Protein chains: 2
Amino acid sequence: MRILSLIKNILEKEERFLITSHIRPDGDSIGTQLALGIMLHKMGKKVTILNEDTVPKCYSFLPHSDWIKSSLNNGNQFDAAIILDCSEWERLGKIAPIAQTADVIINIDHHADSHGLGKYNYIDPSAAAVAEQAYHLLKHMKQPLTYELALCLYTGILTDTGSFKHGNTTVTSHHIVSEFLKGGVKPDFVYRMIHERNSFPSMLLQGMLLSSLQLSNDGHVAWTSITKEMLKKVGYTVEFEPESVLSMMRSIEGIDVALLFRDLGEDKIKVNFRSKSEVNVCQIAQKFNGGGHKQAAGCVITGNLEMVQEMVLQNIMEMLNYY
Amino acid sequence: MRILSLIKNILEKEERFLITSHIRPDGDSIGTQLALGIMLHKMGKKVTILNEDTVPKCYSFLPHSDWIKSSLNNGNQFDAAIILDCSEWERLGKIAPIAQTADVIINIDHHADSHGLGKYNYIDPSAAAVAEQAYHLLKHMKQPLTYELALCLYTGILTDTGSFKHGNTTVTSHHIVSEFLKGGVKPDFVYRMIHERNSFPSMLLQGMLLSSLQLSNDGHVAWTSITKEMLKKVGYTVEFEPESVLSMMRSIEGIDVALLFRDLGEDKIKVNFRSKSEVNVCQIAQKFNGGGHKQAAGCVITGNLEMVQEMVLQNIMEMLNYY
């Protein structure tokens, strides 16, 4: 592929690299940033990895995760910026203007709607994760697949495919992952690090959310709410990741839409939407100035919990009747 | 491999086959039974698939799952019995004496402690699932990998590796699975069929269990109980699969042992044990006339819920102090 050769030339030629990715970075963006950072570092390059947000605790086991910073100490100058897993400047947050100062911009992305943010755009919507694209780049550059690199890129594919269960998982994904296992990656270790370090209070909160789950009369919509009382019970400082509860709600037979309401205080209610069917939840979130994807979206609405619940549910019911 | 040639000869030569597997069959045993059944059927053979227990609802989407019976209409005579995923006669339940009447017994198994139940034993503890072994047999027999076969065998590997996250997942597992995806298997469809058809009451019950979760003072043991009151609330007929709650309990940081107590009525308490560390929970279950594996075991104890909880927890605490 011609773009791989072009990127290879830049990585070999330039000296000072900025690597960045989208706000609220996930396993794919973090794993791939670290892998490219480690590779460039081994090639003797100067590497800065910079994101708007810090590394979530569950990914702190990745080698050199401390290389990822959320601010620049001093105004560095970069020969090249590598933007990963991101197809819009806005999604880089405060890093966007820094990345734009680089002489050359490389964009590696697997989003279907991506047109490329840089001069050199390696876009492949058939890739399950940017980690897969980084693997192809690594191979093209004839760089050895060390354990550290394999671990970072495995984490990318594992998380973006939902442990190889999402529809984006391909023949190639499994082939590439088998190379990572050859490179010494232990699947149970990685899974334990990412998914089995939950706190006891967060588990209690999940229990409260599921035991107060509600279902619409037609069985197509399920919802639950994080109330102030719940947070008081489990301690306000609980780290809560809504993904697990939302995916359990989605696992109910017959469900089209799963909703999580969270009372943020000061009359602000955060709503997370998940769709299991053709229902486009992004359209609903957009009505309330939110956004997201067809199957996963969110918004923040002003009002009290009961009022917001009623309003959102009514909108969803109208939409379901339309389908 | 010589054993593959020997089995190939028998499958080609004999006419009437019994295929069976262990009690409470799982995705691996059911998927592999169906795959071999479909293959033999295509070869023009007479195939009977027989298990002590019926097919769990979540696997009913597999092609020809209705071929699996739990009783014989009349006393069939079998040229050969194929025993899958099973290394002890007792684990075949009431099917054991029927299988023993076959002229030839073939045992395909991946358990480490397996010595083989038959004349022809294809034992491979390095295989993540018997489905992997069935794949090798299929290839050796030069049988085409149809979509139906790929779907059945994919289900076997998916379930026995816990969606490719358990330590048994290997380079070969991923290679074989990539062949199944080539054969048309859609990962998201299979996952939805197996894991996303839960009932609303079972989800409420999970919520109740997690919200009443208890943790030992040292943080190493977590437990919860299915009480009669809970079952009354959600309706007694709720189908409940303890695996999901137990794996969520295991996901708490610092946990060594997760326990689920279930009041069966009539002073019988069922206990499920899961270990996340070196603690051998089978040893504890055996103390109460139960059994299982090092990391997953169970038993039924006579007594009331509080008494049984206290007794079991005391035993676990003693064991933990020993480690």
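The values are calculated or read from the model by the stated rules, or taken from the named source; none is laboratory data. Treat the numbers as computed from the prediction; the structure is a model and nothing was measured. Counting neighbours? That spans all protein chains shown, and the Cβs are built from the backbone with ideal geometry, glycine included.
So if I check each of A:V47, A:V55, which one is hydrophobic (A, V, I, L, M, F, W, C) and within 18 Å of A:T146 (Cβ to Cβ)?
A:V47 is the lone residue from the list that is hydrophobic (A, V, I, L, M, F, W, C) and within 18 Å of A:T146 (Cβ to Cβ).
What residue, among those in region B:34-80 that are over 19 Å from the mean Cα position of the chain (by Cα) and basic (K, R), is surrounded by the most Cβ atoms within 10 Å (Cβ to Cβ)?
B:K45
Can you say whether A:E196 is modelled with pLDDT under 95 and either outside the structural domain of A:P63 (by TED's automatic domain parsing) or surrounded by fewer than 19 Cβ atoms within 10 Å (Cβ to Cβ) (or both), as far as the supplied structure shows?
yes
Restricting to region B:178-207, count the residues that are polar (S, T, N, Q), closer than 30 Å to B:T227 by Cβ and either touching a residue at least 40 places away in the same chain (Cβ under 8 Å) or facing chain A (nearest Cβ under 7 Å) (or both).
Total satisfying the criteria: 3.
Condition (residue is at positive phi and either at the interface with chain A (Cβ under 8 Å from one of its Cβ atoms) or in contact (Cβ under 8 Å) with a residue 60 or more places away in the chain (or both)) applied to region B:169-177: is it met by at least one residue?
no
For the subset of region B:286-323 comprising residues that are in a loop (DSSP other than H, G, I, E, B) and under 27 Å from the mean Cα position of the chain (by Cα), which member is farthest from B:A258 (Cα to Cα)?
B:N289
Residue check, A:L264 against (1) farther than 18 Å from A:G162 by Cα; (2) crowded, with 19+ Cβ neighbours inside 10 Å, all met but one. Which one?
With (1) farther than 18 Å from A:G162 by Cα; (2) crowded, with 19+ Cβ neighbours inside 10 Å applied to A:L264, the lone miss is (2).
Can you give me the number of residues within region A:71-105 that are over 20 Å from A:Y120 (Cβ atoms), assigned to a helix (DSSP H, G or I) and touching a residue at least 12 places away in the same chain (Cβ under 8 Å)?
Number satisfying all stated conditions: 2.
Going by the conditions given, is B:A128 crowded, with 17+ Cβ neighbours inside 10 Å, modelled with pLDDT of 95 or more, touching an Asp or Glu at 6+ places or on another chain (Cβ under 8 Å) and assigned to a helix (DSSP H, G or I)?
no
Could you list all residues from region A:151-178 that are over 15 Å from A:Y59 (Cβ atoms) and either polar (S, T, N, Q) or surrounded by 22 or more Cβ atoms within 10 Å (Cβ to Cβ) (or both)?
Once the filter is applied, which keeps residues that are over 15 Å from A:Y59 (Cβ atoms) and either polar (S, T, N, Q) or surrounded by 22 or more Cβ atoms within 10 Å (Cβ to Cβ) (or both), region A:151-178 yields A:T161, A:S163, A:F164, A:N168, A:T169, A:T170, A:T172, A:S173, A:H174, A:I176, A:V177, A:S178.
Per-residue answers, yes or no, for (1) in contact (Cβ under 8 Å) with a residue 24 or more places away in the chain; (2) surrounded by 22 or more Cβ atoms within 10 Å (Cβ to Cβ):
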site	(1), (2)
B:L209	yes, yes
B:Q214	no, no
B:T227	yes, no
B:K232	no, no
B:L259	yes, yes
B:K270	yes, no
B:G292	no, no
